[in-house]
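J.: The structure under discussion is supplied below as structure tokens; questions concerning it will follow.
The values are calculated or read from the model by the stated rules, or taken from the named source; none is laboratory data. What you see is a predicted model; the values in this text were computed from it and never measured. All Cβ positions, glycine included, derive from the backbone under ideal geometry; neighbour counts span all protein chains shown.
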Amino acid sequence: MAFMLKGKLGIPDSRYAAELDKRAAEAKFAPDMEAEYDEFFLSERRSQLRWFNGMLFALAVWACLLSLDRGHEGMERLRLMLIALGCATLTWAAFSRVYQDIYLGVARWATIPIAIFGAFEIAHRIAGGQGEALAWLVAYSIGLYFMLGLRYGAAVQASLVVLASFAVALLVNGQTISQTVHTAGIATIIVGIVALAYFQQALRVRKAFLERGLIADLAARDGLTGLKNRRAFDEHLIRSWQQALRDRKTISVMFIDVDAFKKFNDRYGHKAGDIALQRIAGVVHSVAKRALDLAARYGGEELAVILYDVPREAAQPLAEAMRIAVMNLGIEHLDGTPLDVVTISIGVGIVRPTLARSPDGAVQLADEALYAAKRNGRNRVEVFESEYDALSTGTFRAR
């Protein structure tokens, strides 16, 4: 069972590599990756969105005040006020404390009234002989795609609303069908060019996001086995610990050690030892299937697994299945194991996090369980659960 899964890119198994392999030109990722991309994109663009939305709101307010000063008709003032309200909503979302959670949704729908009333205002001016007002539609289209931070689909939706509203508004304002087709056709060509340019830019940004994620992913991996490395293990344990503390769940840490591995290397050579570790890593990796689980190379021939919210009744069978699967690989080992095949010993530490405990205690418990498995004959599983003494200084005792 090989773990080093490789796609067209020849890179170890990775969500980012899978997306790049699939097709970097796709405009949308898998749901979990799309959510991560949105978070990355919004984080990178927050300053720009604050600046642009603030400027847009200021221009809308200025236009409202100007309409009052010049005594424009009531309908025109109403349109400008509604546009200003939409801009105010966007600006609020950009400066909100929950910006990451709400901005994309707010922006998608706040741009619709801006598009409708803006299109009617521009059409009204064009019908009144101000042909240069078409430039405002061009400016809005550019801002819609490049400056407002919308998803591509939302930007297309808003631009279609602009074009449809613009065509209707031209007819309502007395333009003939031929005049409407001509003017709206020009607007459609302009918006189409802007949309195509933005699509190409969006693809480049998405590809850059995947490549950045892939580099970070590879930096967190062990080069030999493809599992996560020790640093990634430590960081993930802290994150899982904090999550389990909030959710009042358990954390299970498994330490897996290859029995008599030094003797294996002495007899068969280090190259054979590397291949054996890779095959064993494939078995270990298959256990960590969920988002909050992780399989790692802890050091040397020692591998590790973090399992979130897995009680003893489930953890022990998982560890036993892993032990049997490695034994069934049938990797010859004529020195140091009674079965003449490579075997593993597994120690499992199960802990329910509290504020008084630390993740190091879970590692210590799993290490003690592994030592017990080795001491009791190897090729076996030992499971320790924590028994916490509230009067102690935060140490763990196995039971």
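J.: Just to be sure I understand the filter: pairs with C-beta atoms under 8 Å, separated by 6 or more residues or on different chains, first member in the range 340-357 and touching a residue at least 40 places away in the same chain (Cβ under 8 Å), second member surrounded by fewer than 16 Cβ atoms within 10 Å (Cβ to Cβ) and acidic (Asp, Glu). Which pairs pass?
T.: Taking only residues 6 or more apart or on different chains, the pairs are VAL342/GLU332.
J.: So, ALA58, is that one assigned to a helix (DSSP H, G or I), without any contact (Cβ under 8 Å) to a residue 40 or more places away in the chain and either of a type outside the set (Asp, Glu) or outside the structural domain of VAL194 (by TED's automatic domain parsing) (or both) or not?
T.: In short, yes.
J.: Within the range 62-78, does at least one residue satisfy the condition of being in the same structural domain as TYR140 (by TED's automatic domain parsing), under 15 Å from THR111 (Cβ atoms), among the hydroxyl-bearing types (Ser, Thr, Tyr) and buried (at least 16 other Cβ atoms within 10 Å of the Cβ)?
T.: In the first step, residues of the range 62-78 are kept if they are in the same structural domain as TYR140 (by TED's automatic domain parsing); the result is 62-78.
So of that shortlist, the ones also under 15 Å from THR111 (Cβ atoms) come out as none.
No.
J.: From the list LEU49, LEU42, LEU5, LEU56, exactly one residue is modelled with pLDDT under 85 and not charged (D, E, K, R). Which is it?
T.: Result of the check over LEU49, LEU42, LEU5, LEU56: LEU5.
J.: In the range 309-319, what residues are more than 31 Å from the chain's Cα centre (by Cα) and surrounded by 15 or more Cβ atoms within 10 Å (Cβ to Cβ)?
T.: Correct list: GLN316 only.
J.: Looking only at residues in the range 222-236 that are in a loop (DSSP other than H, G, I, E, B) and either charged (D, E, K, R) or out of contact with any Phe, Trp or Tyr (no Cβ under 8 Å at 6 or more places or on another chain) (or both), which one is nearest to ILE280 (Cα to Cα)?
T.: LEU224
J.: Go through the range 142-201 and report how many residues are closer than 17 Å to ILE116 by Cα, of a type in the set (S, T, N, Q) and touching a residue at least 40 places away in the same chain (Cβ under 8 Å).
T.: Here the count works out to 5.
J.: What's the total number of residues in the range 218-270 that are hydroxyl-bearing (Ser, Thr, Tyr) and in contact with a Lys or Arg (Cβ under 6 Å, 6 or more places away or on another chain)? Lay out the reasoning, then the answer.
T.: From the range 218-270, those hydroxyl-bearing (Ser, Thr, Tyr) are 225, 240, 250, 252, 268; that's our starting set.
Restricting the remaining residues to those that are in contact with a Lys or Arg (Cβ under 6 Å, 6 or more places away or on another chain) gives 225, 250.
Qualifying residue count for the region: 2.
J.: Hey, among the residues in the range 195-240 that are closer than 15 Å to VAL363 by Cβ and hydrophobic (A, V, I, L, M, F, W, C), which one's nearest to the chain's Cα centre (by Cα)?
T.: ALA232
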